[in-house]
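What follows is one structure encoded as structure tokens, with my remarks underneath.
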Amino acid sequence: MKAVFMTDQGKVRQHNEDNGGIYVNSKGQRLAIVADGMGGHRAGDVASEMTLTSLKGFWDQTDDFQTAEEAEGWLRKHIAEVNTILYEHSKENEQCEGMGTTVVAAICTDRFATIANIGDSRCYILNESGFQQLTEDHSLVNELVRSGQITKEDAEHHPRKNVLLRALGTEAAVEMDIKTITFEEGDLLLLCSDGLSNKVAVAEMIKILKSGRTLEEKASVLIEQANNNGGEDNITLVIAEYFESNESGMINDD
């Protein structure tokens, strides 16, 4: 497996409140994370960074996942623990009151990928069946689409597009979505913040991901395209590709 992480401040925001990374355990399994922080006085930075640091700390104590059930249980347990950490921190630190973050995290093994998400950061897969969004946005606009009150086209330009129904750290308890997919030779996973998904059309994502570029080049081109289309938000992504090899996978944590 190969994986690459990249983040960019974008062209408008004064700070980058996104965080993310790729972490490898002793068995070569990877944990990929994208978190898009929110909150005043740069509290979004704090929320997304604490999420990353906490999950990495839990991951460093993990050896191996034999089954999808183990991976799902790990994500459910530790994301809930991170929620408590963030919520208590926001209560104890006035400048962080109301802070929160989205999170999309994927445990990638040589047999499966298990994905958890809260908020509107997304995970897509590109495989022989095509390109598919694996996660569901926990946003007001997506709920309006699901209930038939507005169309997907209306959602693209809705004035309340940034309103989330779920976020990590804003309540004492949080619900998350978790699913497991089979991860096969040549499959690509794309995790990203809405700074990418709001700015780069699906057709363009597919074209870039299917190109003959390296993973690093694909990541750079996706970020460049988001900036070319306005770059109003921070842009963060992880691309993971599965391939069968006797060699150990490479990792890039730029």
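The values are calculated or read from the model by the stated rules, or taken from the named source; none is laboratory data. No experiment lies behind these values; they were computed from the predicted model shown. Methodologically, a virtual Cβ is constructed for each residue, glycine included, from the backbone with ideal geometry; neighbour enumeration extends over all protein chains shown. Note: areas computed on protein heavy atoms with side chains; ligands, DNA, RNA excluded. Shrake-Rupley method; radii C 1.70, N 1.55, O 1.52, S 1.80 Å.
In segment 1-110, what is the volume of the convex hull around the alpha carbon atoms, normalised per residue and reported in Å³? Walk me through the numbers before you get to the answer.
Working: hull volume 9.8 nm³, N = 110.
Taking only Cα atoms, segment 1-110 has a hull volume of 89 Å³ per residue.
How much FRET efficiency would the formula 1/(1 + (r/R0)^6) give for Arg76 and Glu97, where r is the Cβ-Cβ distance and R0 is 25 Å, rounded to 0.05?
Efficiency computed from Cβ-Cβ geometry: 0.40.
Under 1.5 on a/c is rounded, so check that first for segment 98-231, then, if it is not, pick prolate when a/b is larger than b/c and oblate when it is not; a ≥ b ≥ c are the square roots of the alpha carbon gyration tensor eigenvalues. Before the final figure, lay out each step's value.
Numbers: a/c = 1.70, a/b = 1.25, b/c = 1.37.
Oblate shape, in that a/c is at least 1.5 and b/c is the bigger or equal ratio.
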Practice task
Would you mind checking the pairs Lys179/Lys207; Lys11/Lys199; Lys161/Lys207; Lys56/Lys77; Lys11/Lys91; Lys2/Lys56 and listing those with alpha carbons more than 24 angstrom apart?
Solution key: Lys179/Lys207; Lys161/Lys207; Lys11/Lys91
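How many percent of the alpha carbon pairs in the chain exceed a separation of 31 Å?
Details: 6182 of 32131 pairs.
Counting pairs separated by more than 31 Å, the tail of P(r) holds 19 percent.
Looking at the square roots a ≥ b ≥ c of the eigenvalues of the Cα gyration tensor of segment 145-214, which shape do they give, rounded for a/c under 1.5, prolate if a/b is larger than b/c, or oblate?
On the way: a/c = 2.12, a/b = 1.32, b/c = 1.60.
Taking the square roots of the gyration eigenvalues as a ≥ b ≥ c, segment 145-214 is oblate.
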Handout entry: Carbon and sulfur %, accessible surface of segment 145-198 computed with the full protein complex present, 1.4 Å
Key = 44 percent
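What dipole magnitude, in Debye to the nearest 20, does segment 83-227 give about its Cα centre under +1 on Lys/Arg Cβ and -1 on Asp/Glu Cβ?
Dipole of segment 83-227, to the nearest 20 debye: 300 debye.
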Handout entry: Packing-based ranking, highest mean first, of 190-197, 151-158 given that Cβ atoms within 10 Å are counted
Key = 190-197, 151-158
Practice task
Please give the per residue accessible area of segment 81-182, computed with a probe of 1.4 Å over protein heavy atoms only, in Å².
Solution key: 51 Å²
Practice task
Could you let me know the centre-to-centre spacing of segment 181-239 and segment 1-15, using Cα atoms, in angstrom?
Solution key: 11 Å
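Can you tell me the dipole magnitude for segment 67-155 around its Cα centre, using point charges on the Cβ only (Lys, Arg +1; Asp, Glu -1), in Debye to the nearest 20?
The dipole of segment 67-155 has a size of about 160 debye.
Only four residue types carry charge here, +1 at the Cβ of Lys and Arg and -1 at the Cβ of Asp and Glu. Report the dipole size of the chain about the Cα centre in Debye, rounded to the nearest 20. Don't skip to the end; give the middle numbers.
Numbers: 23 positive and 44 negative charges, 81 e Å.
In total the dipole reaches around 400 debye.
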Handout entry: the chain - mean residue ellipticity at 222 nm from DSSP helices (-39,500 (n - 2.57) per run, n ≥ 4, rounded to 500)
Key = -10000 deg cm²/dmol
Fill in the blank from the handout: One checks the Cα atoms of segment 44-155 and finds Rg and Dmax, in Å, of 16.5, 50
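Ignoring ligands, DNA and RNA, what percent of the 1.4 Å accessible area of segment 1-126 is carbon and sulfur? Mind showing how you got there, number by number?
Numbers: 2280 of 5170 Å².
Exposed carbon and sulfur together represent 44 percent of the surface.
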Fill in the blank from the handout: Restricting to Cα pairs under 8 Å and 6 or more apart, the percent relative contact order of the chain works out to 30 percent
